[in-house]
Amino acid sequence: MRLITHNMLQCPVKGCSKDNFPLRIEDAEIENADADFNPQFLKRMLDRIAWGALVQTSFSLGVAKLPESPGDPNDDEFLQTLHHVLLETRVKEGRMVCNGCGHVYPIREGIPNMLLQENEV
Amino acid sequence: MDSLSSAELESTHVHSVYEAIAPHFSDTRYKPWPVVERFLNSQPDGSIGADVGCGNGKYLGVNKKLFIAGSDRSFNLSKIAHERGFECLVCDNLKLPYRDDSFDFVLSIAVIHHMASEERRVLALKELVRILKPGGRMLVFVWAMEQHGRRRFDQQDVFVTWNLPKDRYRHPPEKDKPESETVQTTTNNTRSCHVVYDRFYHLFLQGELDRIIELAGGVDIEETGYDRDNWFVISKKRYT
């Protein structure tokens with residue numbers, strides 16, 4: 001799971017509407033995979049990202065310290081860092097925990113399992 | 001069919017079947033449909049999309065200038081999509097784990113026809129609309145009752161068989177065996193031995209997809225069409 005995907009996620013449990021995003025990543029095994037660097041692509045993505053959540057997640061995983069607000073989209077160094085965080089950093093194993101309801105979503109072999117039990121739907 | 005609840009029907013005759021036939025199903029799914037390809041290529045570079053029910057991920061790599069989060073209800077299909085280098089997670093269309101108003105576009109290709117009641121089909125569509133950004137577009141494909149190909153159906157809710165060739169695909173071990181298989185007989189034809197699975201489908205009449213998309217609400221329909229035995233609709237989310 002890339003961090004851009006994590007940035008789109010929220011807890012799907014019925015009635016869980018407070019602190020349901022971002023999901024806290026625990027016991028993560030991180031791997032890096034090269035991806036093509038495309039500045040135009042990243043610039044457009046900037047306003048689609050929940051910035052605060054990305055800063056928090058990236059810091060907690062020890063991936064990179066991003067600025068509190070999005071940097072200059074024409075700054076190459078900033079874009080390179082963003083590229084690495086969003087697209088090259090992947091969570092291979094671990095789990096995501098909802099800060100609101102405590103639900104745990106395991107990640108195995110890079111694939112998050114976001115299914116709920118029938119009584120949670 | 002009537003004795004099972006919609007959720008049970010989907011569990012036995014959709015979810016379990018796809019887990020069992022995943023590798024064979026994947027090997028038969030490689031050619032992108034032209035309407036889907038056109039839709040993906042019309043998205044601006046750097047757009048973020050969700051392909052809900054992505055199967056083996058055949059649409060995730062069509063346009064390399066997009067980012068698409070794939071998801072499927074089947075672990076085995078998600079695994080295949082992931083092994084092909086795509087982003088994929090396991091989730092249920094009725095309870096999507098995504099933020100509201102967050103995707104530039106949403107794909108739902110051959111998914112909604114597996115939901116066993118109109119209520120659940122509308123719920124699934126509502127979820128797709130929820131995650132779409134205002135102004136974002138959604139493409140939905142479903143199987144048509146009006147078939148131009150070789151198949152003929154006399155009712156809308158049907159079981160369609162999938163023949164898994166036993167000699168080429170290891171069928172799942174006993175514990176993973178879906179119920180459908182135990183009631184089915186293994187058929188011997190002259191060429192090879194198959195395990196037969198029944199998949200549930202709701203076949204859509206002309207205009208029905210448009211009608212339930214309007215029931216789900218929140219979008220305006222921009223294009224409706226028929227392609228290769230399927231109905232499709234492209235709709236755009238309203239700016240409330």
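Can you give the charge dipole size of the range A:3-116 about its Cα centre, rounded to the nearest 20 debye, using +1 on the beta carbon of Lys and Arg and -1 on the beta carbon of Asp and Glu? Provide the component values of the computation, followed by the final result.
Working: 11 positive and 16 negative charges, 129 e Å.
Magnitude of the dipole: close to 620 debye.
If you filter the range A:31-109 for trypsin sites (Lys or Arg not before Pro), then keep DSSP loop positions with at most 11 other Cβ within 10 Å, what is left?
Values: sites: A:43, A:44, A:48, A:65, A:90, A:92, A:95, A:108; in loops: A:48, A:65.
When the trypsin sites (Lys or Arg not before Pro) of the range A:31-109 are filtered for loop state and at most 11 Cβ neighbours within 10 Å, A:65 remain.
Report the antiparallel proportion of the DSSP beta bridges in chain B as a percent, rounded to a multiple of 5.
60 percent
Just which residues of the range A:1-50 lose 50 Å² or more accessible area with every protein chain there, against their chain alone, with the probe set to 1.4 Å?
Flagged in the range A:1-50: A:2, A:5, A:8, A:10, A:12, A:41, A:44, A:48.
What FRET efficiency, computed as 1/(1 + (r/R0)^6) with R0 = 30 Å and r the Cβ-Cβ distance, is obtained for residue A:40 and residue B:238, rounded to the nearest 0.05?
Details: r = 28 Å, r/R0 = 0.95.
After rounding, the FRET efficiency stands at 0.60.
Between residue B:28 and residue B:8, what is the spin-label point distance in nm, taking each point 7 Å from the Cα along the Cα→C-beta axis?
Output for this residue pair reads 2.8 nm.
With an 8 Å cut-off on Cα pairs and a minimum separation of 6 or more residues, tell me the relative contact order of the range A:3-116 in percent.
Working: 168 pairs, mean separation 41.9, N = 114.
Dividing the mean separation by the residue count of the range A:3-116 yields 37 percent.
When the C-alpha atoms of chain B are aligned to their principal axes, what extent does each axis show, in angstrom, from largest down?
Between the extreme Cα coordinates on each principal axis of chain B lie 55, 38, 31 Å.
Multiplying the sequence separation of residue A:77 and residue A:109 by 0.36 nm and subtracting their Cα-Cα distance, what value in nm do you get? If you can, show how the numbers build up before the last one.
Numbers: separation 32, 0.36 × 32 = 11.52 nm, distance 3.09 nm.
Length gained between residue A:77 and residue A:109: 8.4 nm.
Would you mind pulling out the separation of the Cα centroids of the range B:67-144 and the range A:1-65, in Å?
Cα centroid of the range B:67-144 versus Cα centroid of the range A:1-65: 19 Å apart.
Across the range A:103-115, in residue order, what do the Karplus-derived ³J(HN,Hα) couplings come to in whole Hz, using 6.51 cos²θ - 1.76 cosθ + 1.60 with θ = phi - 60° and x for Gly and Pro?
Rounded to whole hertz, the list is 4, 10, 10, x, 10, 10, 6, x, 10, x, 9, 9, 6.
Can you pull a Stokes-Einstein diffusion coefficient for the protein assembly as shown at 20 °C (1.002 mPa s), Rh from Kirkwood over Cα pairs, as a whole number of µm²/s?
Numbers: Rh = 21.4 Å.
Answer, rounded: 100 µm²/s.
Looking only at the protein assembly as shown, where both bridge partners belong to it, what percent of the DSSP beta bridges are antiparallel (to the nearest 5)?
Working: 42 of 61 bridges.
The antiparallel proportion sits near 70 percent.
Between the DSSP loop rule and a limit of at most 16 other Cβ atoms within 10 Å, which trypsin sites (Lys or Arg not before Pro) in the range B:31-86 are left?
Sites meeting the loop and neighbour criteria: B:64, B:65, B:84.
Out of every Cα-Cα pair in the range A:3-116, what percent are more than 24 Å apart?
Numbers: 1648 of 6441 pairs.
Result for the distance tail: 26 percent.
Suppose all protein chains stay in the model; what accessible area per residue would a 1.4 Å probe give for chain B, in Å²? Before the final figure, lay out the partial values.
On the way: 10760 Å² over 240 residues.
Accessible area per residue: 45 Å².
When the helix-only estimate is applied to the protein assembly as shown (DSSP H runs of n ≥ 4, each -39,500 (n - 2.57), divided by the residue count), what is the mean residue ellipticity at 222 nm, nearest 500 deg cm²/dmol? Walk me through the intermediate numbers first.
Numbers: 11 runs with 94 residues, N = 361.
Calculated from helices alone, the mean residue ellipticity at 222 nm is -7000 deg cm²/dmol.
The values are calculated or read from the model by the stated rules, or taken from the named source; none is laboratory data. Small disclaimer: the values here were computed from a predicted structure and weren't measured. Positions of Cβ are backbone-derived with ideal geometry, glycine not excepted, and every protein chain shown enters the neighbour counts. Please note that ligands, DNA and RNA were not included when accessible areas were found on the heavy atoms of the full protein model with its side chains. Shrake-Rupley method; radii C 1.70, N 1.55, O 1.52, S 1.80 Å.
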